[in-house]
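The values are calculated or read from the model by the stated rules, or taken from the named source; none is laboratory data. In this text the structure is predicted, and so the values were computed from the model without any measurement. We place every Cβ from the backbone using ideal geometry, glycine too, and count neighbours over all the protein chains shown. Side chains included, ligands, DNA and RNA excluded: accessible areas come from the protein's heavy atoms. Shrake-Rupley method; radii C 1.70, N 1.55, O 1.52, S 1.80 Å.
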Amino acid sequence: TTIVTVKRVLASVSIVGSYYHFVAWGLPILISMLPFIRNKYGPAGAWCWIKDDTAWRFAIWYGPLFLIILCLFCVYLYIFIHIRRQATRWTGSYDPEVERSRELMRKEIKPLMAYPFIYLLLNICPLVNRIQNAAQPEHVIFTLLLLQVISSSLQGAVNAIVFGMDRETLSRLNISDIRNAWSQRCSRSVVREYPVINESSHLEDDYQSDENPNA
C-alpha cells in the first residue's frame, strides 16, 4: 500500500517560505535604510520620503519598480503561453476530465494578466509627477500631486476588486461561506498531515485476498 502524506510538501513549502520572508522583508528593509546614510529623508510632497534628489528616488524606487513590472509581464506571458500550449495539446483521445482541467486553466490564467497592467497604470501618475518635480523643483503642479496621491492609495483596493471578480470567488462571497471561513480561521486545531491512501493499491490487495482466502 502506497501512503502519500503532505509532510514532505509542508517541509518544502517551509523552506521556500523562509526564502520568501527573507526577500519580502529583508530586501525592503535594506533598501529603506540606505537613504539614512546620506540623510536623504525629508518632506517630499504629500509624504515624508527622499527629499529633492532624483537620482536617489529612481535608484531605490522607480528604477526597481518598473524593472519588476517588466519582469511581471515576462513571467505572466510565459505562464500564459505555457498553459495555452498545455490546453491545446492533443493527447490522442477525448477525456472529459482532461478537457475540464484545460478549461479551468484557461479561466485561471486570465485574471493573472490583469495585475501587471494595474500595477503599471497606477504608477504612471506618480512617475510623471516625480519627473516633473525633477525638471521643475520650484514649480509643484497640484493636479499631478493629487493624481499621485489617489493612484498610490488605490493599489490594494483595485487588486482586491480584480481578485473578487473571479467567478469562484464571487460564488463564495455569501454569509455561510464567510462564516465558515471565519470559524476555520479562528479555530486552534490545525491539521498538519493528510494521509492519502492509493485506492488502486487497496483494490489490488482486496482482489488478492479474495483470490487467496487462506493466505
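Annotations for the structure displayed:
- Selection from region 30-83 of residues that are more than 25 Å from the chain's Cα centre (by Cα), open to solvent by 90 Å² or more (accessible area, probe 1.4 Å) and among the β-branched types (Val, Ile, Thr): ILE37
Residue by residue, here is whether (1) at pLDDT 70 or above; (2) on the phi > 0 side of the Ramachandran plot; (3) polar (S, T, N, Q) holds:
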{"residue": "PHE142", "(1), (2), (3)": "yes, no, no"}
{"residue": "SER152", "(1), (2), (3)": "yes, no, yes"}
{"residue": "ASN159", "(1), (2), (3)": "yes, no, yes"}
{"residue": "ARG167", "(1), (2), (3)": "yes, no, no"}
{"residue": "ASN180", "(1), (2), (3)": "yes, no, yes"}
{"residue": "GLN184", "(1), (2), (3)": "yes, no, yes"}
{"residue": "SER189", "(1), (2), (3)": "no, no, yes"}
{"residue": "ARG192", "(1), (2), (3)": "no, no, no"}
{"residue": "ILE197", "(1), (2), (3)": "no, no, no"}
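- Number of residues in region 99-140 that are modelled with pLDDT of 75 or more, open to solvent by less than 40 Å² (accessible area, probe 1.4 Å) and closer than 20 Å to ILE83 by Cβ equals 2.
- Candidate set: region 42-73, residues that are part of a loop (DSSP other than H, G, I, E, B) and in contact with a strand residue (DSSP E or B) (Cβ under 9 Å, 6 or more places away or on another chain); chosen: the one modelled with the lowest pLDDT: ASP52
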